[in-house]
Every structure is written in C-alpha cells, then in structure tokens.
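Written out below as structure tokens is the structure these notes cover.
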Amino acid sequence: MATGAAASKKTTKTAPAKKAGASSTMKQKGYSKATYIKWYEDMLLMRKFEEKCGQLYIQQKFGGFCHLYIGQEAVLAGMSVGLKPTDNVITAYRDHAHPLILGSDPKRVMAELYGKTTGLSKGKGGSMHMFDKEKNLFGGHGIVGAQIPMGAGIAFADKYRNEDHVTITFMGDGAARQGSLHETFNMAMIWNLPVIFVIENNKYAMGTSIERTSNVADMSKLGASYDMPSFTVDGMSPEAVADAIAEAAARGRKGDGPTLLNIETYRYKGHSMSDPQKYRTKDEVKDYQAKDPIDHVLDVIKKNKWLTEAKIKTIQADVKNIVEESVKFAEESPLPEAHELYEDVYTQTDYPYVRD
Ligand SMILES: Cc1ncc(C[n+]2csc(CCOP(=O)(O)OP(=O)(O)O)c2C)c(N)n1
C-alpha cells in the first residue's frame with residue numbers, strides 16, 4: 001500500500017499523441033491533510049451507500065436496473081479536487097456516486113432509486129437517471145454513448161455565453177467505441193470547447209473485454225486523429241486523477257480546448273446486479289482490490305497520524321448513519337401521483353407531425 005510520499009509521486013503515462021505544446025508528463029503535487037480526510041469521508045460514503053443499494057436491490061426494495069460504482073471511487077474523489085463547483089458533469093447510467101460527490105442530498109439519491117417523489121429526478125428516472133440542476137449534474141444516461149455529444153453541447157453553451165466553466169463528460173470504455181465519440185471529438189476540437197472527456201476505463205463493457213472489441217486497446221489513442229491532448233491516468237489513485245483533471249480543466253478555462261483522459265479503474269461488482277462474471281477471474285478482481293483507493297487514503301492518514309482511531313470510528317459511524325437515514329427517508333416518502341406523469345414532459349402544442 002502506498003504511503004503519502006509514495007502516493008504523491010505516482011507516475012502518469014502520457015499518450016503518444018499530444019497537441020503541440022501540451023506537457024509531456026502530468027505534473028504531480030502533494031495533497032493536504034484536509035484533502036485526504038475529505039477523500040476518506042467521500043469515498044467511504046460512496047462505497048457504503050452503494051453496498052446498501054446492492055442489498056436493497058436483492059431485497060427487491062426497488063426495481064429497474066442497478067449498476068454499482070464500487071471500486072471506481074478514486075475517479076470521483078480526484079475529480080472533486082480538480083473541478084470547481086460551477087463546472088458541469090454528465091455521465092452514463094453508473095451514476096449513484098456522482099450526485100453524492102457533487103453534494104446532492106444522499107436522501108434524495110436513495111429516494112430516486114425507490115422511485116419516490118422526493119427523489120433527485122422526482123422518482124421519474126430511477127437508478128440510471130440522476131439529475132441535479134443545482135449541482136450542475138446533467139444526468140445519468142442509459143443509452144450508451146448518448147451523453148458524449150451532450151457534454152460537448154453543454155461546453156459549447158458555456159463558451160457561447162463566455163462562462164468560465166468546464167464540462168466533464170464521463171463514459172465507459174464500451175461507450176468510447178460508439179460513433180458519437182468521433183463526431184463529438186472532431187467538433188469539440190474545431191470549436192475548441194472547454195470539455196474534458198473521461199473514459200472511466202474499467203476494462204469491460206458488460207461481459208466484453210476491451211481486447212475482444214478493440215484493435216487498439218490503448219484508449220488514450222482515440223484522441224490522436226483529432227490532435228486532442230490525451231493521457232492515461234491511474235484511476236485507483238485520487239492524487240493522479242486530481243492532478244490530471246486540474247490540468248485538463250486549466251487547459252479548458254484558458255481557451256485551449258478539450259482533453260481526453262483514459263482513467264484506468266476497475267469495478268469490483270458485476271456490470272449490473274444480474275451478472276455471473278464468467279468473463280474474468282476472481283484473482284483479477286483481488287489484484288485490483290489490493291490497490292483499493294479507500295484503503296490507500298486511510299493508510300496515508302494513519303501513517304501521518306492525521307486522525308486518531310476514535311475519530312476514524314466516528315467518521316465510519318457518521319457515514320453509516322447517513323446511509324441509514326437515506327433509506328428511512330426513501331421508504332417513508334410518497335410515490336409520485338398519477339397526474340405527475342404529465343408534468344416535466346416536453347410538449348409543443350403546434351407540433352406539425354402528430355395528428356389526432
Ligand atoms: C446504444 C446502446 N447499446 C447497447 C446498450 C446495452 N448496454 C448497456 S450497458 C452496456 C455496456 C457499456 O459499457 P461501458 O461503456 O464500458 O460502461 P460500464 O458499464 O463499464 O460503466 C451496453 C452494451 C445500451 N444501453 N445502449
């Protein structure tokens with residue numbers, strides 16, 4: 001397990017294709033005691049919240065799909081340091097942890113899973129469609145790759161309005177193979193948009209490994225034919241992710257356009273709750289669990305004596321309470337009323353193509 005000093009020295013590989021002038025190595029820097037403690041609290045909440053979601057789903061407390069983020073927490077922990085609260089986030093369906101890190105109320109995230117009216121999307125979205133306008137979270141999208149052009153569109157709107165914001169557009173390694181990526185990369189480079197494309201590369205699209213679907217398995221090379229600055233980042237390290245996202249965000253804010261980050265991570269659980277996981281070995285899962293980002297951050301905290309054992313136990317108890325309260329809130333909240341079916345739906349009364 002890495003210590004604080006070792007952690008801040010983690011190297012980050014660069015992609016062979018880089019825009020002229022882009023730095024050839026990601027700058028590394030140390031992070032403070034406060035940051036490590038926040039990372040521990042945030043990642044523990046994501047992990048415990050999701051473990052609870054898995055249990056509740058098995059108990060059939062809510063239906064639909066349920067894709068857990070467990071194992072990938074360092075990506076969002078790193079992001080939380082590298083971005084500003086005014087920046088925008090859009091992602092796919094593995095989206096319960098994104099609102100948590102952005103500061104949405106965990107009660108409302110859980111209520112959304114239950115389809116309750118108090119949920120983040122008023123109970124109309126469920127697991128795959130978490131939106132929070134106040135936190136600039138633009139979903140939660142179930143169509144693989146759909147959010148890639150939308151992320152560029154959000155960045156276009158900010159540029160058009162002269163806003164100092166960047167948009168982070170998450171996608172899986174499977175989504176990165178959708179055609180929408182190529183059109184979007186081209187337009188984003190032509191228009192120099194303030195967007196960070198993040199491939200949350202957990203090695204599998206459902207049960208299919210990158211090697212089975214991709215001639216070029218190094219996903220950072222996808223930016224090469226668009227001359228987009230592209231990097232591979234250790235996604236089990238919040239430090240490496242924070243460095244990479246901060247540098248990409250600075251590039252976007254300066255008017256230097258998009259960045260592609262191939263963040264190498266791993267999901268410990270199946271693709272969704274009904275996945276026998278025959279496509280990978282138990283040893284492979286164990287190898288990644290040995291690099292667990294929560295263990296690593298706690299290790300740094302303990303080695304530096306930044307928290308006492310009692311204080312660590314208090315954080316763990318607080319997180320447990322937050323999760324339990326969110327379940328209680330979700331269970332006690334009402335279901336949407338029938339009339340809500342007709343609310344928040346886009347209508348155009350003079351739409352010419354539909355006839356009675
Ligand atoms: C357009 C489209 N095709 C297929 C699917 C079915 N599908 C759902 S998830 C998924 C795998 C996507 O994997 P990846 O992008 O790597 O994300 P991960 O699940 O690993 O986070 C597929 C093929 C879909 N939802 N949308």
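Throughout, read-outs are computed from the coordinates displayed, never taken from laboratory work. The structure displayed is predicted, hence computed values, not measured ones. Reconstructed Cβ throughout: ideal geometry from the backbone, glycine too, with neighbour counts over all protein chains shown.
Overview of values
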quantity	calculated
The chain: calculated mean residue ellipticity at 222 nm from DSSP helix runs of at least 4, using -39500 (n - 2.57)	-12500 deg cm²/dmol
Residues Ile143 and Lys303, FRET efficiency given R0 of 41 Å [Cβ-Cβ distance, rounded to 0.05]	0.40
Order by protection proxy (mean Cβ within 10 Å, highest first), peptides 258-265, 83-90, 169-176	258-265, 169-176, 83-90
Rounded to the nearest 20 debye, dipole of the chain from Cβ charges on Lys, Arg, Asp, Glu	1060 debye
Net charge contributed by nearby residues that have their C-beta within less than 14 Å of Tyr69 (K/R +1, D/E -1)	-1
Per-peptide average of other Cβ atoms within 10 Å, ordering 230-241, 92-103 highest first	230-241, 92-103
Size-normalised alpha-carbon gyration radius of segment 306-356, reference 2.2 N^0.38 Å	2.36
Charge dipole of the chain about the Cα centre (unit charges at C-beta), most positive-ward option of Gln348, Cys53, Ser209	Ser209
For segment 118-241, diffusion coefficient by Stokes-Einstein and Kirkwood Rh (Cα), 4 °C, 1.567 mPa s, µm²/s	82 µm²/s
Two-decimal Rg to Rh for segment 32-331 - Kirkwood Rh, Cα set	0.95
Kyte-Doolittle at least 1.0, axis length at least 27 Å by Cα - qualifying DSSP helices, the chain	none
Given Lys38/Lys320; Lys33/Lys302; Lys48/Lys269; Lys291/Lys311, the pairs whose alpha carbons are separated by over 19 Å	Lys291/Lys311
Ile190-Tyr353 FRET efficiency (beta carbon distance; Förster radius 35 Å; 0.05 resolution)	0.65
Residues listed by number, segment 57-81, amide nitrogen under 17 Å from Glu51 label point at 7 Å toward C-beta	57-59, 68-74
Antiparallel DSSP beta bridges within segment 32-331, as percent of all bridges there, nearest 5	10 percent
Cα-based convex hull, segment 243-304, per residue volume (Å³, whole number)	137 Å³
Estimated FRET transfer efficiency when R0 is 22 angstrom, pair Glu340-Lys133 (beta carbons, to 0.05)	0.80
Rel. contact order, % - alpha carbon contacts under 8 angstrom, at least six apart, the chain	25 percent
